[in-house]
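Here's the structure, in structure tokens; my notes come after.
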There are 2 protein chains.
Amino acid sequence: MISLNDIKELSVSNPAKIIFFIMDGLGGLPHPETGKTELETARTPNLDRLAKHGSCGLSTPVSPGITPGSAPSHLGLFGYDPITYSIGRGVLEAVGINFDLKPGDVAARGNFCQVDDRGLIADRRAGRLSTEKNMELTGKMREIKLPGVELFVLPVKEHRFVVVFRGPGLGAEINDTDPQHEGLPPRDPVAVASSSEKTANLAKDFVSQAGRILAPYSPANMVLLRGFSELPHFPSMQDIFKIKPAVVALYPMYKGLAKLIGMTELACKDNIKDEIRAVKDNYSKHDFFFIHFKDTDEAGEDGDFDRKVKKIELADSLIPQILDLKPDVLVVTGDHSTPATYKGHSWHPVPFLLYSSWCRWDNLEKFGERTCLRGSLGIFSSLNAMPEAMAHAGKFARYGA
Amino acid sequence: MISLNDIKELSVSNPAKIIFFIMDGLGGLPHPETGKTELETARTPNLDRLAKHGSCGLSTPVSPGITPGSAPSHLGLFGYDPITYSIGRGVLEAVGINFDLKPGDVAARGNFCQVDDRGLIADRRAGRLSTEKNMELTGKMREIKLPGVELFVLPVKEHRFVVVFRGPGLGAEINDTDPQHEGLPPRDPVAVASSSEKTANLAKDFVSQAGRILAPYSPANMVLLRGFSELPHFPSMQDIFKIKPAVVALYPMYKGLAKLIGMTELACKDNIKDEIRAVKDNYSKHDFFFIHFKDTDEAGEDGDFDRKVKKIELADSLIPQILDLKPDVLVVTGDHSTPATYKGHSWHPVPFLLYSSWCRWDNLEKFGERTCLRGSLGIFSSLNAMPEAMAHAGKFARYGA
């Protein structure tokens, strides 16, 4: 595999436009009655036309057999090996709620939990309390004062919140306090590097104050912290690929992740048509667009085969609008599979389609998991997605003489 | 490729059962008259049914073009990169005859050979003497005494034996004494690290005493030693994959190898039906079973195309008994190819079949080398076999948030 440093040497800026249309969780599994996956079931005349004159294949997100979370699966598509470029859970949650994390901040993911009168964990998620209750309780925790640092306590959803420590000399090399099993006491936050000792003590102080504040609110009477982390230092997509990248997404997590690697956020309202309009409105200002379509993943997670089919058909119906923009390269794929029968992210490779003037026509009759197996890109690491797109956009110089 | 350390982090214990049914040397080459391989020729209705609703592909044992021995080819299937995890030949032979090798023991593979009156090697295998003669001569060599160490001299088969040195302060960094060519004298065992000098001197003493004892027994009048080695320190499959693995095999080499990576040996008598019965009898005690079927490889080595076909058909006929156990994941493949036309191990990728509830049906009409080319697993490194099986058994947590 070629390194990002090599890619940086090869990348050249030109006016060609690349669009990545990512249907989250696109890949599926056969419906037990029809034997067809969601994508194979969907009527997708526009994608099918592209599959005829484009290049198709199946993209493996992290490594065969590995089920990725959304962060590693997207990082791979944008050329960042998720095994090397990892993002801590605390940072991801903070970024996911659009919190403006600064360099040097330490973020941790928090769970409300329930402890019994011996201090042992009875429920690691405090009965998945409501988001409203979460907002009330995180509000109370904002009263906590810690010496020498600013503290942010922010609700996420249900039992999940984020805590951010801001101040000089902090470090994130701290163990999780969540023992991952009920019947055990929460662990103390312990520094695994001396540079993080101060922060570990602050975290301990935070947990102890939180316990006192939450005592009357059983089942949410204690907190667990994990994924202490700082903003990663990733090279930007501008720097590596010499492009001006933009993201249009409805969920903060995807916007946040994209911004971490240098994408500019394009404002949009609340549906995929708005997302495409945002690309249109900003088409002259950028040469790389990441359009994130969440609905396919949600339907898959819900186990709703038919809804996933419908959402794929909706996405297909928007392809002509995207083609009207005349991108030099259009990539349509998913970040990972979320089969409706499996009701969750899975490890199965993801259908992938690249359309440009420089494709060896695959002549596939349909865009689908099984047809893509016969596509010219084969089964490949998602890390190849960006190099393929860059090549087809004429944005790579020749390697060697 | 994801590392074993990463895999260890992802692995979770659950009750799901995985069975690896390994037909040794499964892969073949076309019969010159029919154009079909052994597997393509065999009637395999049960495997064909699995190929329809399972995931197929071709597994590359070590690296394309590389013909593996049995140890590296099996290590790869169990997730251990054979390029990193190598086992010395001495250890492998000792383990192969079920010798209870201890940490610190140094084992070497021995050959009886014939030297002429000038001390030059006339026959590196002493005319492939009979195993009976071997047992007689290794019996005589047991009279050899070496200062400060225990010595074990054990027959293997024909001209092959094992010698094991046991005692404090031994080392295995010693050159082979076999010059690999006839007409040359045996080399002295020479230490290539100072920590092995004592052992090299003991080995030299052993060779010289063996020469005196064997002098009257031409053509087996001298010994050659190679593959000086100690027990390797491999992480166990329990530790990496959080499984309770078991092996059922008829040949000591496979049992020994499997035990080196933590598998428990299940007792069985002398044929593949007994092997499957042993799995059945111990089904509740383990969640990973490696069933080794040797006959396919032997027929291939003998160049007996028809016998290999028959042995594959025998294996196919046992698939229903294995399915009756209701494994969550069944993998049927070989460790390498042994084409009957080639009469030996070869480098060709090996047909691979994975059957579980979470497969994208490949809809293949037959399990065979050429159909597997159209399977959803593609042509892949055998190192992916375990991750794929673990994923399909729900034994991997999600990678990243």
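Brief remarks follow.
- Residues within segment A:228-237 that are closer than 16 Å to A:LEU75 by Cβ and outside any loop (DSSP other than H, G, I, E, B), tallied: 2
- Scan of segment A:276-309 for residues that are hydroxyl-bearing (Ser, Thr, Tyr) and closer than 20 Å to A:PRO32 by Cα, ordered by number: A:THR296
- Residues being among the aliphatic types (A, V, I, L, M), farther than 15 Å from A:GLY110 by Cβ and buried (at least 16 other Cβ atoms within 10 Å of the Cβ) - total across segment A:191-208: 2
- Pick from segment A:46-62, criterion within 11 Å of another protein chain (Cβ to nearest Cβ) and either surrounded by fewer than 23 Cβ atoms within 10 Å (Cβ to Cβ) or of a type in the set (A, V, I, L, M, F, W, C) (or both), ranking: nearest to the chain's Cα centre (by Cα): A:VAL62
- Test: residue in segment A:139-154 that is of a type outside the set (Phe, Trp, Tyr), within 23 Å of the chain's Cα centre (by Cα) and surrounded by 15 or more Cβ atoms within 10 Å (Cβ to Cβ): yes
- Of the residues making up segment A:383-395, just one is in contact with a helix residue (DSSP H, G or I) (Cβ under 9 Å, 6 or more places away or on another chain) and part of a loop (DSSP other than H, G, I, E, B), namely A:LYS395.
- Scanning segment B:1-38 for residues that are assigned to a helix (DSSP H, G or I) and away from chain A (no Cβ under 14 Å) yields a count of 1.
- Residue among A:PHE112, A:PHE78 that is away from chain B (no Cβ under 12 Å), of a type outside the set (D, E, K, R), within 13 Å of A:LYS259 (Cα to Cα) and crowded, with 21+ Cβ neighbours inside 10 Å: A:PHE78
- All of A:MET222, A:MET263 fail the test of being within 28 Å of A:ASN111 (Cα to Cα) and surrounded by 17 or more Cβ atoms within 10 Å (Cβ to Cβ), apart from A:MET222.
- A:GLY303 vs. criteria more than 22 Å from A:HIS74 (Cβ to Cβ) and part of a loop (DSSP other than H, G, I, E, B): yes
Here is a yes/no grid of residues against (1) within 23 Å of the chain's Cα centre (by Cα); (2) closer than 30 Å to B:ASN14 by Cβ; (3) not assigned by TED's automatic domain parsing to the domain that holds B:ASP81:
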position	(1), (2), (3)
B:LYS204	no, no, yes
B:ILE213	no, no, yes
B:PRO219	no, no, yes
B:MET222	no, no, yes
B:PRO245	yes, yes, no
B:ALA278	yes, yes, no
B:SER284	no, yes, no
B:THR296	yes, no, no
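- A:LEU377 in the same structural domain as A:THR41 (by TED's automatic domain parsing), more than 19 Å from A:GLY35 (Cα to Cα) and surrounded by fewer than 21 Cβ atoms within 10 Å (Cβ to Cβ): no
- For segment A:358-382, a tally of residues being away from chain B (no Cβ under 12 Å) and part of a helix (DSSP H, G or I) returns 1.
- Yes/no for A:ASP239 being surrounded by fewer than 16 Cβ atoms within 10 Å (Cβ to Cβ), farther than 30 Å from A:SER11 by Cα and acidic (Asp, Glu): no
- Beta carbons closer than 8 Å, at least 6 apart along the sequence or on distinct chains, pair a first residue in segment B:307-330 that is at pLDDT 95 or above with a second that is basic (Lys, Arg) and in a helix (DSSP H, G or I) for B:LEU318/B:LYS273; B:GLN321/B:LYS280; B:LEU325/B:LYS280.
- A count restricted to segment B:1-55 and to residues that are under 18 Å from A:TRP347 (Cβ atoms) and of a type in the set (Gly, Ala, Ser) stands at 5.
- Pairs are defined by a Cβ separation below 9 Å, a sequence spacing of at least 6 or placement on different chains, a first member in segment B:31-49 that is in contact (Cβ under 8 Å) with a residue 24 or more places away in the chain and farther than 15 Å from B:ARG370 by Cβ, and a second member that is polar (S, T, N, Q) and assigned to a loop (DSSP other than H, G, I, E, B); the pairs so defined are B:PRO32/B:THR341.
- Residue within segment B:104-115 that is closer than 17 Å to B:GLY171 by Cα, in contact with a Gly (Cβ under 7 Å, 6 or more places away or on another chain) and part of a loop (DSSP other than H, G, I, E, B) present: no
- Taking residues in segment B:138-161 that are among the β-branched types (Val, Ile, Thr), and partners anywhere that are part of a loop (DSSP other than H, G, I, E, B), the pairs with Cβ atoms closer than 6 Å and at least 6 places apart or on different chains are B:VAL149/B:GLY167; B:VAL153/B:ARG142; B:VAL156/B:ILE97.
- Residues satisfying the stated conditions in segment B:342-373, i.e. surrounded by 22 or more Cβ atoms within 10 Å (Cβ to Cβ) and acidic (Asp, Glu): B:ASP362, B:GLU369
The values are calculated or read from the model by the stated rules, or taken from the named source; none is laboratory data. Bear in mind that the values here come from a model prediction, so they are computed numbers and not experimental data. Methodologically, a virtual Cβ is constructed for each residue, glycine included, from the backbone with ideal geometry; neighbour enumeration extends over all protein chains shown.
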